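Down below is the structure, laid out as structure tokens.
The values are calculated or read from the model by the stated rules, or taken from the named source; none is laboratory data. Everything numeric in this text was worked out from a predicted model, so none of it was measured. Cβ placement follows ideal geometry from the backbone for every residue including glycine, while neighbour counts extend to all protein chains displayed. Ligands, DNA and RNA are excluded from the accessible area calculation, which covers all protein heavy atoms including side chains. Shrake-Rupley method; radii C 1.70, N 1.55, O 1.52, S 1.80 Å.
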Amino acid sequence: GDNVQQSPSALSLHEGTNPALRCYFSTSMKSVQWFRQIPRGSLISLFFLAPGTKEIGRLKSTFDSKERYSTLHISGAQLEDSGTYFCAAFRKSRCSQKA
């Protein structure tokens, strides 16, 4: 099956720093989604993007389909950014759900 790897697997956030997380895909993908799970909480969708760049507030995500990776940048990290980050990749542009 398709393989997705995140790097680094764990990251200690320090306030005011600009950390970055990266996902690598074993095959070519059409879109990628980034999530953050707050401690003992639900998953929050941060980005859903096709190849290119999106920026929301202090968060920026880039997706390079040719090089098969996506990066999540956090600008000026704050305590509220703590949590577990996940990425998901899709081979199709839209996720269709069967009834």
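A compact table of results
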| item | result |
| --- | --- |
| Whole-number D in µm²/s for the chain (Stokes-Einstein; Kirkwood sum over Cα pairs; 4 °C, 1.567 mPa s) | 92 |
| Low-density loop positions, trypsin sites (Lys or Arg not before Pro), segment 1-52 - DSSP coil, at most 14 other Cβ in 10 Å | 30, 40 |
| Sorted peptide list for 66-76, 9-19, criterion being average Cβ within 10 angstrom, highest first | 66-76, 9-19 |
| Heavy-atom accessible surface of the chain: percent carbon and sulfur, 1.4 Å | 48 |
| Length-normalised contact order for the chain - Cα pairs under 8 Å, 6+ apart - percent | 35 |
| Under the Karplus curve 6.51 cos²θ - 1.76 cosθ + 1.60, θ = phi - 60°, whole-Hz ³J(HN,Hα) for segment 61-70, x wherever Gly or Pro sits | 10, 10, 9, 10, 6, 5, 8, 6, 8, 9 |
| Cβ charges +1 (Lys, Arg) and -1 (Asp, Glu), total dipole of the chain, debye | 500 |
| Hypothetical label at residue 27: residues of segment 50-93 whose amide nitrogen lies under 13 Å (7 Å Cα-Cβ projection) | 89-92 |
| Derived scalar couplings ³J(HN,Hα) [segment 39-44; Karplus, 6.51 cos²θ - 1.76 cosθ + 1.60; whole Hz; x for Gly, Pro] | x, 6, x, 8, 7, 10 |
| J(HN,Hα) series, segment 11-28, from Karplus relation 6.51 cos²θ - 1.76 cosθ + 1.60, nearest Hz, glycine and proline x | 9, 8, 7, 10, 4, x, 7, 10, x, 9, 10, 9, 10, 10, 10, 6, 10, 5 |
| Whole-number accessible area per residue in Å² for the chain, which is evaluated in the context of all protein chains at 1.4 Å | 67 |
| In nm, spacing of pseudo-spin labels at residue 6 and residue 48 (7 Å Cα→C-beta vector) | 1.9 |
| FRET efficiency estimate (nearest 0.05) - Cβ-Cβ, residue 18 to residue 90, R0 30 angstrom | 0.65 |
